[in-house]
Structure formats: C-alpha cells, structure tokens
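Q: Dropping a structure here in structure tokens format, bear with me for questions.
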Amino acid sequence: METRQLGFTDLHFSTIGLGAWAMGGGGYVFGWGPQDDAESIATIHRALDEGINWIDTAPGYGRGHSEEVVGKALVGRRHQVYIATKCGIHVLPNGELTFRLKRDSVRQEIEDSLRRLRTDVIDLYQIHWPRPDEDIEEAWGVIADAIRAGKIRYGGVSNFNISQMQRLQAIHPIASLQPPYSMLNRDIESEILSYCATHKIGVIVYSPMERGLLTGKITRERIQAMPEDDHRKRYAPFQEPQLSVNLRLVEQLRPIAERNGKTLAQLALAWVLRRPEVTGAIAGARRPEQVSELVGASGWKLSTADLEEIETLLTQRQKALAEMAR
C-alpha cells in the first residue's frame, strides 16, 4: 500500500483511507439506511489486513454510532491505525442537524469521542463544517489546547475555504483539510490545492467515488429501491437532470478502467490521487469485499492518454449540464 506524508506532520497515511460514514446507519437526514454492525466491524478488520492505516469517522455519523463501531473494531488493533474524527455536527431527535462550535461543546465532544473510540488520543481531530463561521476560532482554540494536553495529536479542518483556514493558522497550524473531490466535483483544483501545498497542509478528500455513483453499480432501479432514510435519494447527482448525464459518463469511463484491468471504483480513486497535493482518498465501504476492491487503486498511475480521455469526457459532461440549464 502506497503511503504519503500528511502535510507537515510525522503521519504517513495510506493513499486509501476507510470512511466510516455509512457505518453510522440511518435514522437521520444524512444517513445511509440500515447497516449491520458485525459487517461494519468485519469491514474495518479487512481494511487493516489489506494495509489501510487510517479510518475517518465523526460523531455526526449516526449520533456517535459510527465512532462506537470503530472503537469496538479496534480493540487489540489500535496500534495499527490512525483515527481521524470530527466535531461540530449534532443530530437532533427529529433526524435534522445542528451545528455547534462553542468552547464547552467542543470540549465535551472531544471527551465523548475519546470514550466512544476507546482510545487515549485521537490522531487527527477536525472541525467538521465551519458553522457557525463566527465560532471557528473559538473551537480551534479548544482543539489547540487539547493538542497541548496530549488528547489530540494534530488538528485539521473539513469543508473550509482559504480565508477560513487563514484565520485559524494564526492560532495554531492546520495539519490537514478534508474537502469533497471527485470527477463530478472539482472546485478545489482552482485555488485550494495549491494553497494547501504551499502551507504544508495535507489533503484527505472525501466522496471521491461520489457516494457510489462513479463505481458503475448505481442504476435508476437501485436508487428507487434505496431506503427512504438513505440520503442519496435526495442528493442532486442522483436526481434528474444530472442523473442521466452522470450515468452516461460512467458508461463512457468503463472502457478506460477495463483496458487497464481495473474497476470503475479504482479508476475514480486513482483519478483523485493523480494530484500530488492529495495525501489520501476516503473510500467508504460497508462490506469486507468492497475493501479488497478499493485498495487496488493504490499505486496505480493513470497514463497521459487515459487522463486526456477522461478530461474530454468530463468537459462533455459539463457542456451537457450547461445546455440543460438553459
């Protein structure tokens, strides 16, 4: 398994990290529907066996349930893996989300995460969203204090823009940024990746397979059959007018993967990892066999011809969406 250094830190992450979002289950606005905990634990064990050395989770994934599953799975194996978790999102009783970054709230979240994860120290602790924006400095100060106290090794941010990162850098160095990045979402290419490289901020991207859409396993019928508490049924790329264009792109990408002896999921991961600024890609998995497929993307360098062909297809997709919007 290929590894890359996370920004200025002494952590070397495998280029594929295991995402535990779906392991939080359903019952809230951004849930993934029912998930069997035993299968989640087996998936985490397979990831460690395959050489993945970091797991990304958050208390917002199922009211802390994802963290609890990760903590249970790592009993006796904590030394094999870096844990990345977050703060700031709270799931309300009705399944909706609220955002809190006040000092006392973040302090409590750190303690709760340590307990659920069954660990004495969190390797990477991130602010999940910069909401409310006016409280990000307050939350970051608490994280800096926890780093000095030895409860957290490094602090990071997720879904932040450059100006927000600059505000926090004045308080304590940012070890990493976690932004969305995929063939369908390329916003970070314009400025954010170069900023992170200049300031030695690691980049661990989420949704590189666009929540399964780029794996070739999503069809209209499968979307229709998803549980009502699977948030993807309400996610714009899974709905028209984007869905038809996206499914067409997936079929156009399929020959590129096949001639390289790879799967579409591996192609999606290798594409985001082509950027040297990207430390690693978070790959969500719900079953052990999915992990064995995903690790096959590590170390695969796409050829210039493949990259040019993909770029052409992505340009065509953008044009098709623009025409539909007229």
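The values are calculated or read from the model by the stated rules, or taken from the named source; none is laboratory data. Treat the numbers as computed from the prediction; the structure is a model and nothing was measured. Cβ coordinates were reconstructed from backbone atoms using ideal geometry, including for glycine residues, and neighbour counts include every protein chain displayed. For the accessible areas, the whole protein counts, side chains as well, though only heavy atoms, and no ligand, DNA or RNA atoms are used. Shrake-Rupley method; radii C 1.70, N 1.55, O 1.52, S 1.80 Å.
Q: Condition first: charged (D, E, K, R), touching a residue at least 40 places away in the same chain (Cβ under 8 Å) and closer than 13 Å to THR279 by Cα. Can you find one or more residues in segment 2-14 that meet it? Explain how you work it out, then say what you get.
A: First, the residues of segment 2-14 that are charged (D, E, K, R): 2, 4, 10.
Filter again for touching a residue at least 40 places away in the same chain (Cβ under 8 Å), leaving 2, 4.
Narrowing the set further to residues that are closer than 13 Å to THR279 by Cα leaves 2, 4.
So far as segment 2-14 goes, yes, one or more of its residues are charged (D, E, K, R), touching a residue at least 40 places away in the same chain (Cβ under 8 Å) and closer than 13 Å to THR279 by Cα.
Q: Pick from GLU240, GLU251, GLU228: which is assigned to a loop (DSSP other than H, G, I, E, B) and under 19 Å from GLN316 (Cα atoms)? Lay out the reasoning, then the answer.
A: Working: GLU251 fails: assigned to a loop (DSSP other than H, G, I, E, B); GLU228 fails: under 19 Å from GLN316 (Cα atoms).
Matching residue, one of GLU240, GLU251, GLU228: GLU240.
Q: Looking at segment 267-286, can you tell me whether even one residue there is in contact with a strand residue (DSSP E or B) (Cβ under 7 Å, 6 or more places away or on another chain), under 19 Å from PHE30 (Cα atoms) and open to solvent by 40 Å² or more (accessible area, probe 1.4 Å)? Working first, answer last.
A: Taking segment 267-286 as the starting set, the residues that turn out to be in contact with a strand residue (DSSP E or B) (Cβ under 7 Å, 6 or more places away or on another chain) are 268-269, 272-273, 277-285.
Keeping just the survivors that are under 19 Å from PHE30 (Cα atoms) gives 282-285.
Retained after the next criterion (residues that are open to solvent by 40 Å² or more (accessible area, probe 1.4 Å)): 284.
Checked against the condition, which is being in contact with a strand residue (DSSP E or B) (Cβ under 7 Å, 6 or more places away or on another chain), under 19 Å from PHE30 (Cα atoms) and open to solvent by 40 Å² or more (accessible area, probe 1.4 Å), segment 267-286 yields at least one hit.
Q: When residues of segment 172-186 are filtered for being out of contact with any Asp or Glu (no Cβ under 6 Å at 6 or more places or on another chain) and either surrounded by fewer than 23 Cβ atoms within 10 Å (Cβ to Cβ) or modelled with pLDDT under 95 (or both), how many remain? It would help to see each step written out before you state the result.
A: Here is the first cut: in segment 172-186, the ones out of contact with any Asp or Glu (no Cβ under 6 Å at 6 or more places or on another chain) are 172-181, 183, 185-186.
Filter once more, so that each one left must be either surrounded by fewer than 23 Cβ atoms within 10 Å (Cβ to Cβ) or modelled with pLDDT under 95 (or both): 172-173, 179-180, 185-186.
The number of residues fulfilling the criteria is 6.
Q: Examine segment 119-127 for a residue that is open to solvent by 40 Å² or more (accessible area, probe 1.4 Å) and over 30 Å from VAL75 (Cβ atoms), and state whether such a residue exists.
A: No, that holds for no residue.
Q: Are any of the residues in segment 88-110 of a type in the set (Lys, Arg), more than 19 Å from TYR125 (Cβ to Cβ) and in a loop (DSSP other than H, G, I, E, B)?
A: Start the filter on segment 88-110 by keeping residues that are of a type in the set (Lys, Arg), which leaves 100, 102-103, 107.
Subset that is more than 19 Å from TYR125 (Cβ to Cβ): none.
No.
Condition check ((1) at pLDDT below 95; (2) buried (at least 19 other Cβ atoms within 10 Å of the Cβ); (3) touching a Lys or Arg at 6+ places or on another chain (Cβ under 9 Å); (4) of a type in the set (Gly, Ala, Ser)) across all residues:
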position	(1), (2), (3), (4)
GLY17	no, yes, no, yes
ALA20	no, yes, no, yes
GLY31	yes, yes, no, yes
GLN35	yes, yes, yes, no
GLU39	no, no, yes, no
ILE44	no, yes, yes, no
LEU48	no, no, yes, no
GLY51	no, no, no, yes
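Q: Hey, does segment 200-218 have a residue that's under 30 Å from GLY155 (Cα atoms), in contact (Cβ under 8 Å) with a residue 60 or more places away in the chain and open to solvent by 50 Å² or more (accessible area, probe 1.4 Å)?
A: So far as segment 200-218 goes, yes, one or more of its residues are under 30 Å from GLY155 (Cα atoms), in contact (Cβ under 8 Å) with a residue 60 or more places away in the chain and open to solvent by 50 Å² or more (accessible area, probe 1.4 Å).
Condition check ((1) open to solvent by 40 Å² or more (accessible area, probe 1.4 Å); (2) within 23 Å of VAL205 (Cα to Cα); (3) touching a residue at least 12 places away in the same chain (Cβ under 8 Å); (4) in contact with a helix residue (DSSP H, G or I) (Cβ under 8 Å, 6 or more places away or on another chain)) across all residues:
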position	(1), (2), (3), (4)
ILE55	no, yes, yes, yes
PRO59	no, yes, yes, yes
GLY62	no, yes, yes, yes
ALA73	no, no, yes, yes
VAL81	no, yes, yes, yes
ILE89	no, yes, yes, no
GLY95	no, no, yes, no
ARG107	yes, no, yes, yes
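Q: Hey, can you tell me all the residues within segment 145-164 that are within 11 Å of ALA84 (Cα to Cα) and open to solvent by 40 Å² or more (accessible area, probe 1.4 Å)?
A: Across segment 145-164, the qualifying residues are ARG153, TYR154.
Q: OK, next. Between LEU177, LEU114, which is free of Cβ contacts under 8 Å to residues at least 40 places away in the same chain and under 16 Å from the mean Cα position of the chain (by Cα)?
A: On the way: LEU114 fails: under 16 Å from the mean Cα position of the chain (by Cα).
Selected residue: LEU177, the only one of LEU177, LEU114 that is free of Cβ contacts under 8 Å to residues at least 40 places away in the same chain and under 16 Å from the mean Cα position of the chain (by Cα).
Q: Can I ask one more? Where residues in segment 297-309 are out of contact with any strand residue (DSSP E or B) (no Cβ under 9 Å at 6 or more places or on another chain) and among the small types (Gly, Ala, Ser), which of them is farthest from ILE52 (Cα to Cα)?
A: So the first thing to find is which residues in segment 297-309 are out of contact with any strand residue (DSSP E or B) (no Cβ under 9 Å at 6 or more places or on another chain), and the list is 299-309.
From what's left, among the small types (Gly, Ala, Ser): 299, 303, 305.
Numbers: GLY299: 13, SER303: 25, ALA305: 29 Å.
Selected residue: ALA305.
Q: Any residue in segment 232-256 that's free of Cβ contacts under 8 Å to residues at least 24 places away in the same chain: show its pairings with residues that are polar (S, T, N, Q) and surrounded by fewer than 20 Cβ atoms within 10 Å (Cβ to Cβ) at Cβ separation under 7 Å, as long as the two are six or more apart or on different chains.
A: Close Cβ pairs (under 7 Å, with a partner that is polar (S, T, N, Q) and surrounded by fewer than 20 Cβ atoms within 10 Å (Cβ to Cβ)) amount to ALA236/GLN242.
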